[in-house]
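Comments concern the structure below.
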Amino acid sequence: MAIYHLHVKVIGRKAGSSAVASAAYRSASRMRDERLGRVQDFSKKRGVVHSEVLLPDGAPEVWSDRERLWNDVEAFEVRKDAQLAREVEFAIPREMTQAQGIELARDFVQAEFVDHGMIADLNVHWDIGEDGMPKPHAHVMLTMREVDGDGFGQKVRDWNRTQMLERWRERWAEHVNERLAELDIDARIDHRSLEAQGIGLEPQTQIGAAAQRIETRSVGEGIKTAADRAEMHREIARNNGDRVIADPSIALDAITHHQSTFTRRDMAMFAHRHSDGIDQFNAVMGAMRGSPDLVELGKDGRGEDRFTTRDMIEAEQRLHRAAQMMAEKERHEVSDRDREAALARAEQRGLVLSGEQAEALAHVTDGRDLGIVVGYAGTGKSAMLGVAREAWEAAGYEVRGVALSGIAAENLEGGSGIASRTIASMEHGWKNGRDMLTSRDVLVIDEAGMVGTRQLERVLSHAAEAGAKVVLVGDPQQLQSIEAGAAFRSIHDRHGGVEIHEVRRQREDWQRDATRDLATGRTGDAISAYDRHDLVHEAQTRELARGDLIDRWDRDRQAAPDSSRIILTHTNAEVRELNEAARDRMREAGDLGEDMRVTVERGERSFAAGDRVMFLPDGTSSINRSPCPSNQRSDETDFHFPFDPPLGRHFKTAPRA
């Protein structure tokens, strides 16, 4: 079962630590520590499956060499009690493959650390525990000073703020849960404390035996500290084991907080963590197996016995009662006049709904208290919901939007104009008597396939009691198997809905097919389709690819200044280089004014009349300079790949706004 673990600590000389030794150990490599004049050799260490240094914009490329990076850190920090690095350690769900776990860790590190100006030394470990099960986790060593092409600058105090740690903890949980849902894995993690989750167990200290040994070798009292921590860990485990033996529902409730069904192995893993010794382990297992709350479901597709709890079944029953009640009532009808007026206003803006979109609009505005819309990304769900919002508001309803993550809520609001927030934020308001639903409310839940059974039950039950309307919107890739207990899938199977299959962001049939291929993981087929239409261009080197890309961008920009275009590349360093190259072309053409230096969160930046400024809505107040709109549609995109094709990182550019 997936567990939540994210721990942050500082590596410093005050504790006798060396940044070089720490990096060598975590990467299982051999490195020379220039300050101490010794070689740190951990190349025989096993379990390290991925090791990489990720650099932010402007950092010297030489620091992609781990040995050079941490020796330079040691040389720059002269104080005897200097803080050398910050380490973030987090557990990767063992339900993932190694490739999936590495990608998950890498994406998180890039978004939360590197994009904010830190150099990140990422090492993914895939150790095997005493129980024979994998214990995948990542160690990330982070620099603590701002960097630029000339080296290190000032320490960034904001990175030490408690709010930053809280953000990392929450974002890791969101990041993992989004990926688990995408992979159709029935598991979730929660960054909140056990108390906040309503679980009656004491949180345990985290002890990494091998890592603890290396950290204690260089400090005299460290061995005693490690022994004290280990004893505290065992004492908490014993206490938790006693609690479970006395009330096994505590354990079953804790397990189903993260997954709706589970196996004997999941119970054994939980018992192993919350017990001390074989006798107590057996007693905990016996208490769980003998609990009247345990419900056996039979064998799953892998031949393993699968279980759930009476509480989970009751939650699903309440969910379906609420959904059934709402599906049977029609209290939110929109008149044909209001619907046609909203359609007419959309057409005046240049938005003409397809047949599928029009059918979806009719479905969600037909008066029933429950609406369900299923469609791939790019099919125009948000555009349709924007028209529906206007029709609902004209009929006198208040329209609200929610989603599991803040990013999804922002996307819903940006695409439809529906004021949106996270479900957690909405529920927090309800607990404090604020923002309660009424019969005049329409609540749109985006990415509904990612919402857990308990949470969706609470929302639908409150909506049903208040007489509000709920519209569930999801992607078919997020329709998990019924065996996994996916609430959205279950409701959709019982009550039906409307599906949108036609991709709207592209105009040509073959482009729509390619987009569907990308959405369903058939990337090779999608690239092949673009290649057949002479829209894939190769280059012998990365430098030639960049030059060809900017040449094509500039020709297209001047030939069709009102059209949109997008460039995708791998790293932030490449984003910056391509952005500067694009700005140079715009300046040569007289489309940019003189540069003005402005100090922003990540340091000094140059802006000019003609630039487009993007303010990121994630609470970091970051500013990116780019000559492009942030949500342009790209109907005819050239893919430029050198022989080592870049992946994923977005750089967007278009004519001057």
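Values in this text are rule-based calculations from the coordinates and carry no lab data. Please read all numbers here as calculations on a predicted model, not as lab measurements. Note that we place each Cβ from the backbone using ideal geometry, even for glycine, and neighbour counts take in every protein chain shown.
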Requested in this report: Just grab the label-to-label distance for residue 589 and residue 465, each label 7 Å out from Cα along the Cβ direction, in nm (one decimal).
Outcome: 5.9 nm
**Report entry** Length released on extending from residue 345 to residue 239, taking residue separation times 0.36 nm less the Cα-Cα span
**Finding:** 31.7 nm
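Can you tell me how much longer the chain between residue 162 and residue 9 gets when fully stretched, taken as 0.36 nm per residue apart minus their C-alpha distance, in nm with one decimal?
Length gained, residue 162 through residue 9: 53.8 nm.
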Report summary line: For 39-45, 326-332, 362-368, 448-454, ranked highest to lowest by mean beta-carbon neighbours within 10 Å, the order is 448-454, 362-368, 326-332, 39-45
Report task. Given a cut-off of 24 Å, name the pairs among 44/135; 381/431; 9/80; 45/155; 45/80 whose C-alpha atoms lie farther apart than that in the structure shown. Result -> 381/431; 45/155; 45/80
Query raised in the report: How large is Rg/Rh for region 1-153, to two decimals, with Cα atoms and a Kirkwood Rh?
Result: 0.97
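Relative contact order of region 233-307: what whole-number percent is it, with Cα pairs under 8 angstrom and at least 6 residues apart?
So the answer I get is 38 percent.
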Query raised in the report: Using a Förster distance of 51 Å, how high is the FRET efficiency between residue 313 and residue 528, based on the Cβ-Cβ distance and rounded to 0.05?
Result: 0.65
**Report entry** Principal axis dimensions, region 338-437 - Cα atoms, whole angstrom, descending
**Finding:** 41, 29, 23
Report task. Would you please put 241-254, 297-310 in order of how densely packed they are, using the mean number of other Cβ atoms within 10 angstrom per residue and starting with the highest? Result -> 241-254, 297-310
Requested in this report: Using just the alpha carbons, could you tell me how many Å³ per residue the convex hull of region 233-307 encloses?
Outcome: 85 Å³
